[in-house]
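Working notes, beginning with the structure itself.
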Amino acid sequence: MSPQRLNLSVATDQAQTGFGRLWPFLGPGVLVSVGYMDPGNWATDLEGGARFGYQLLWVLAASNLIALVLQTLAARLGLVSGLDLAQACREMYPRPAVYTLWILCEIAIIACDLAEVIGSAVALNLLFDIPMLWGATITVLDVLLILMLQRFGARRLEAVALAMVLTIAACFAVELYLVQPHWSEAVRGLRPQIDSSSLYVAIGILGATVMPHNLYLHSALVKTRVVAPRHDARARALRFTFIDTVLSLNFAFFINAAILIVSAAVFFRNGTPVDDLREAHRLLAPLLGVSIASALFAIALLCAGQAATITGTVAGQIVMEGFLRLRLSPTVRRLLTRTLAVAPAIIVLKSAGEASALGLLIVTQVVLSLQLPFAIVPLLRFTNSRDVMHEWRSPAIVRWLGWLIAGLIIGANAWLALNTLGGIWQSQRWTACGMVLYAAALAYVALTPLKRADLREREAGFLAKPALDAS
């Protein structure tokens, strides 16, 4: 089933008072929050806690606030214009920019899929002693689960994601109880502090937290709600969607913070360095003296990988349909992207061994970091545009805040990529050429004039027809 067929499938005007008015709008934020707790986040959170204790908790909090601003803007774009971010790019950008953005987004989705493959393979290895090479191959079969869930509609998909998120939260709630962290030190970790030794990890946490495909995903998921074409109904939808986003992202922040706190309380406290997910699993039980700690870690990791797989699949379909108006069979689409992610994982795992898993995770986070500005810049341009958003255009303070966030992320990711790729390429010339091409592409996306298409007719058609059907 195409994600577009889920549009306008959830009625919102049946309940008129109390919590019942909010209830229909809860759900898209849950699916989006999954991307903020995928295996890539685990790698950076574990490293940050093991090396610096609670010192980088404030980076997680700041990243969560940045994500909240960007996801709110993505949701507003979908609700107001009737276009998701990919569709808006196709409508408003010239064709060269459209294809550039599509290719970059597909690369990021493959990188995200690769992180999910590695995380799921590690979890299967920890739980069932399945070799990681076979575990990576097995993950291709999850396409059957995704297709089955989509056939049941948006609410069932959201419910399954919520169940996995709650499982992850429950596992780490028990872990927190077992490790007995120093909460006073954890609270002090919310105070901004950084030095040259922790800067690299801090930027890695920022890059892993704000995921580019989540912006495309959120702008499309909100369109599953039926909103009457009235000003008060639109305002209510925007307000309730914001509440959904706040609740979901703060829940994701709790889970990321829990991972870092557990790592700090166990590994940093004992002076034990950790640079691998499997090593963290192996050391938890002997350091805590409780075998269940390792099992809970593996279960939560498996849920994180599979939940991220669900959202990654839907995001991939949204991107292809939005940019190209091409609707491949979900089976073909899923098998194609998963094969493109599994192939490099299998090649590297077979040639370099299972110890290379963490290196692969780091590469995926660098790729996601590099692509992120190519999602943020169009999003800001659309939500700041009166042609697209009309009276719902972002106010001046939000416009300034958005560009400040974009500048911070672009600078941080450039620094991260420059250091990482510089070490990989071992050549300043190649690194410099790559960064120049990257800056030129980003400048093109940021400065090329948008088409001045008036979207009022499309917006009215998107909202009015379902409202009449719903009544």
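The values are calculated or read from the model by the stated rules, or taken from the named source; none is laboratory data. Model, not experiment: these values are computed from the prediction. No Cβ is skipped: glycine too gets one built from the backbone with ideal geometry, and neighbour counts run over all protein chains shown.
Looking across the range 289-298, the residues that are surrounded by fewer than 18 Cβ atoms within 10 Å (Cβ to Cβ) and touching a residue at least 24 places away in the same chain (Cβ under 8 Å) come down to Val290, Ile292, Ala295. For the range 39-71, a tally of residues being closer than 20 Å to Gly29 by Cα and of a type in the set (S, T, N, Q) returns 4. When the residues of the range 182-208 are narrowed to those that are assigned to a loop (DSSP other than H, G, I, E, B) and not hydrophobic (A, V, I, L, M, F, W, C), which ends up surrounded by the most Cβ atoms within 10 Å (Cβ to Cβ)? Once the filter is applied, the top-ranked residue is Gly189. Contact map, the range 389-407: residues that are over 15 Å from Leu65 (Cβ atoms) paired with residues that are outside any helix (DSSP H, G or I) and among the polar types (S, T, N, Q), Cβ distance under 6 Å, separation 6+ or inter-chain. Pairs shown: Ser394/Asn384; Arg399/Asn384. Scanning the range 170-181 for residues that are buried (at least 16 other Cβ atoms within 10 Å of the Cβ) and not in a helix (DSSP H, G or I) returns a single hit, Pro181.
For beta carbons closer than 9 Å, sequence separation of 6+ or different chains, a first residue in the range 189-202 that is within 11 Å of Leu60 (Cα to Cα) and a second that is surrounded by 14 or more Cβ atoms within 10 Å (Cβ to Cβ) and modelled with pLDDT under 90, the qualifying pairs are Ala202/Gly48; Ala202/Ile194; Ala202/Ala412. Kindly establish whether Gln71 is closer than 30 Å to Tyr444 by Cα, touching a Phe, Trp or Tyr at 6+ places or on another chain (Cβ under 9 Å) and assigned to a helix (DSSP H, G or I). Answer is no for this residue.
Among residues of the range 245-260 that are among the charged types (D, E, K, R), none has a Cβ under 8 angstrom from a residue that is surrounded by 24 or more Cβ atoms within 10 Å (Cβ to Cβ) at a sequence gap of 6+ or on a separate chain. With the condition kept exactly as written, say whether any residue in the range 168-178 is modelled with pLDDT of 80 or more, aromatic (Phe, Trp, Tyr) and over 27 Å from Gly53 (Cα atoms). No, the range 168-178 contains no residue that is modelled with pLDDT of 80 or more, aromatic (Phe, Trp, Tyr) and over 27 Å from Gly53 (Cα atoms). The requirement of being surrounded by fewer than 24 Cβ atoms within 10 Å (Cβ to Cβ) and either of a type in the set (A, V, I, L, M) or in a helix (DSSP H, G or I) (or both) is fulfilled nowhere in the range 31-45; no residue meets it. Whenever a residue of the range 275-288 is free of Cβ contacts under 8 Å to residues at least 24 places away in the same chain, its partners that are surrounded by fewer than 16 Cβ atoms within 10 Å (Cβ to Cβ) and part of a helix (DSSP H, G or I), lying with C-beta atoms within less than 9 angstrom and at least six residues away or across chains, give the pairs Ala285/Ile292. Each residue in the range 269-293 was checked for being within 30 Å of the chain's Cα centre (by Cα), of a type in the set (Gly, Ala, Ser) and closer than 15 Å to Tyr177 by Cβ, and 1 of them qualify. Among the residues examined, Thr139 does not qualify as modelled with pLDDT of 90 or more and within 22 Å of the chain's Cα centre (by Cα). Restricted to helices (runs of 4 or more DSSP H) entirely inside the range 209-294, those with at least 2 residues that are at pLDDT 80 or above and more than 25 Å from Asn125 (Cα to Cα) are 212-221, 231-263. Among the residues making up the range 46-62, those that are within 17 Å of the chain's Cα centre (by Cα) and either surrounded by 24 or more Cβ atoms within 10 Å (Cβ to Cβ) or farther than 27 Å from Ser219 by Cα (or both) are Val59, Leu60. When the range 377-401 is filtered for residues that are in a helix (DSSP H, G or I), farther than 10 Å from Leu73 by Cα and not charged (D, E, K, R), the ones remaining, listed by number, are Val377, Pro378, Val388, Met389, His390, Trp392, Ala396, Ile397, Trp400, Leu401.
Conditions (1) modelled with pLDDT of 90 or more; (2) surrounded by fewer than 16 Cβ atoms within 10 Å (Cβ to Cβ), marked per residue:
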| residue | (1), (2) |
| --- | --- |
| Thr331 | no, yes |
| Leu360 | no, no |
| Gln365 | no, no |
| Phe382 | yes, no |
| Ser385 | yes, no |
| His390 | no, yes |
| Pro395 | yes, yes |
| Gly402 | yes, no |
| Ala417 | no, no |
